[in-house]
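Notes for the one structure printed next.
The values are calculated or read from the model by the stated rules, or taken from the named source; none is laboratory data. These figures come from a predicted structure and were not determined experimentally. Cβ atoms come from the backbone with ideal geometry, glycine included; neighbour counts cover every protein chain shown. Side chains are part of the model used for accessible areas, which takes the heavy atoms of the whole protein and leaves out ligands, DNA and RNA. Shrake-Rupley method; radii C 1.70, N 1.55, O 1.52, S 1.80 Å.
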Amino acid sequence: MATMDEPLYPIAILIDELKNEDIQLRLNSIRRLSTIARALGEERTRKELIPFLSENNDDEDEVLLAMAKELGVFIPYVGGVEHAHVLLPPLETLCTVEETCVRDKAVESLCRIGAQMKESDIVDWFIPIVKRLASGEWFTARVSSCGLFHVAYPSAPDQLKAELRAIYGQLCQDDMPMVRRAAASNLGKFAATVEQNYLKTEIMSIFDDLTQDDQDSVRLLAVEGCAALGKLLEPQDCVAHILPVIVNFSQDKSWRVRYMVANQLYELCEAVGPEHSREHLVLAYVRLLRDNEAEVRIAAAGKVTKFCRILSPQLAIQHILPCVKELSSDSSQHVRSALASVIMGMAPVLGKDATIEQLLPIFLSLLKDEFPDVRLNIISKLDQVNQVIGIDLLSQSLLPAIVELAEDRHWRVRLAIIEYIPLLASQLGVGFFDDKLGALCMQWLEDKVFSIRDAAANNLKRLAEEFGPEWAMLHIIPQVLEKINNPHYLYRMTILQAISLLAPVMGAEITCQKLLPVVINSSKDRVPNIKFNVAKVLQALIPILDQSVVEKTVKPCLVELSEDPDVDVRYYANQALQACDQIMISS
């Protein structure tokens, strides 16, 4: 009797836990569906588990979401693709619930299952579900149905295809804005599966209705449809149907729609082609750059470089540059920040002369902007300008501003400058670097912010790699070692870190002669944090140094530290001693 009851046991647990008042137990149970399905076997999963789930009317969205997700990968547990249709009823129910994320997940799972089903099964099982949902009394079902048409349509016979197109057309004219929104956002996916002759007639007529919808939330989704449909249509049809819509949308009374056009502009230009973009979209883009809503200007400013790449340099200078000048002193800091993040990319498009004459003054004004993010965005892209105008001009015009920013009150700006220094150094060369930037690199080692000190130590290592150990021996090592006597222990710790980073670049001889004595000396420091950092640095130096030096100098120091009163110092000293022993054994 026990063996008879055994297979029933997992389903009994599931049913009990699914009805449990504790949501966590119900969730755990749903997440274990695949385990339970394996225990039950394919046939009982189809006949018992799935019907049970179909009847389960849990009111917790979290449980329903987990169920929608699990069912999407359940085909192997019900006996493969030929039985996939048994998973559709519970998902159909989930497509009608109120919570959006549950519906979205159910639609995603239905699409995943539908993509694996045989054509005949799609016609027999999947399409009826789409039709039922599309004619559902409650709007949630109709919203969900919009996301399923692109899976159902390719497998349908001609008569059913005509019916599906008609149903989709009705959904686009539904009384509920939520349904029209869903239809608008899925139109591109559905249109991609529709035959070319119907695309030009029926789909374009549906699209025209959506572009004139009285709800801006529907129209802004139709903007995305412009780009998607533009890629499906022939170029001449695209110009005839899509281009006028884009131009109208760029002047829409709702700023959200104009924002969407500004955001999608490059994709829209790709859809209509560069020639027509130059002819018809430049003025629309200029309007967006001068829009009275800051959000629209932000989106438009962020696309300025991409848009200029489509244009000839003359057109960009004539139409776009005047707007860029205006935006560089825009009242909104976020507009200036968006512009600063892309404006450097305009330099290669405009060429050397126009960059020097027109763009450099804009770069300089943005480098001196009161808002740190604006300054930051310019600094991080300076190399793009350097490639166009050359380092001499860059250093004359922008370097004073960079030096000023190196002492900026916002630490993130200082950090961006530090990270840019090695690149600048490689471009400026040793002589120029020593004159103008060398002192700054040392100054940062004693910054009040840890991230700056940390970056400054890494910066010295990268400079030593760039200019070589001989240069570092003259210009970095003496100044760094001087600072080990700083009265504040945090600055002394930074110097120890700098030593451990520089040692591999400098090589064994310089490390042994110059760096090691300073580290050994610091082991007598009164601050435990310095002492355990000495142990860490010594551990890092062991592979670089000769074995004789490790035995005579490093090990005695570590043994002394391993007897320190402080527990952390002892711990790191013992770690370093173990590393010593391992190297001895391996050699």
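Summary table
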{"read-out": "Helical segments meeting 18 Å axial Cα length and Kyte-Doolittle -0.5 threshold in the chain (DSSP H)", "value": "100-116, 158-171, 177-191, 216-232, 235-249, 255-272, 391-405, 411-428, 450-467, 489-506, 528-541, 567-586"}
{"read-out": "Heavy-atom accessible surface of the chain: percent carbon and sulfur, 1.4 Å", "value": "50"}
{"read-out": "Reach of K69 by Cα under 18 Å, taken over lysines that are not fewer than 8 positions away in the same chain", "value": "K105"}
{"read-out": "Euclidean distance of C-alpha centroids, segment 480-515 and segment 436-453, integer Å", "value": "15"}
{"read-out": "Loop sites in segment 491-587: trypsin sites (Lys or Arg not before Pro), DSSP, at most 15 other Cβ within 10 Å", "value": "K524, R526"}
{"read-out": "Whole-percent pair-distance distribution, where bins are 10 Å wide, for the alpha carbons of segment 433-587", "value": "11, 41, 35, 12, 1"}
{"read-out": "Segment 231-269: trypsin sites (Lys or Arg not before Pro) in DSSP coil with no more than 10 other Cβ atoms inside 10 Å", "value": "K253"}
{"read-out": "Surface accessible to a 1.4 Å probe, per residue, for the residues of segment 200-346, Å²", "value": "41"}
{"read-out": "Heavy atoms of W138 accessible to a 1.4 Å probe, total area in Å² rounded to 10", "value": "150"}
{"read-out": "Lys/Arg +1, Asp/Glu -1 at C-beta; segment 161-282 dipole; positive extreme among G230, V257, S205", "value": "V257"}
{"read-out": "For the chain: relative contact order, % (alpha-carbon pairs under 8 angstrom, 6 or more apart)", "value": "5"}
{"read-out": "Residue-count net charge about D369 - beta-carbon cut-off 9 Å; Lys, Arg +1, Asp, Glu -1", "value": "+1"}
{"read-out": "Radius of gyration and Dmax over the Cα atoms of segment 491-532, both given in Å", "value": "10.4, 30"}
{"read-out": "Violating pairs (Cα-Cα greater than 22 angstrom) within the set K200/K231; K306/K381; K118/K200; K47/K161; K461/K483", "value": "K118/K200; K47/K161"}
{"read-out": "Å² per residue, accessible surface of segment 449-587 at 1.4 Å", "value": "48"}
{"read-out": "Computed helical MRE - 222 nm, the chain, DSSP H runs ≥ 4 contributing -39500 (n - 2.57), nearest 500", "value": "-20000 deg cm²/dmol"}
{"read-out": "For segment 58-118: accessible area per residue (Å², 1.4 Å)", "value": "40"}
{"read-out": "Residue-level accessible surface for E60, protein heavy atoms, 1.4 Å, Å²", "value": "70"}
{"read-out": "Residue (of A540, Q513, N486) at the positive-pole extreme of segment 439-587, dipole from beta-carbon charges", "value": "N486"}
{"read-out": "Label of the coordinate-derived value, volume of the Cα convex hull per residue in Å³, listed as (i) 191; (ii) 207; (iii) 239", "value": "(iii)"}
{"read-out": "Area accessible to solvent at E470, 1.4 Å probe radius, in Å²", "value": "140"}
{"read-out": "Rh by Kirkwood over Cα pairs, then Stokes-Einstein D for segment 109-171 at 0.890 mPa s and 25 °C, µm²/s", "value": "213"}
{"read-out": "Centroid-to-centroid separation of segment 533-587 and segment 94-119 [C-alpha atoms, Å]", "value": "61"}
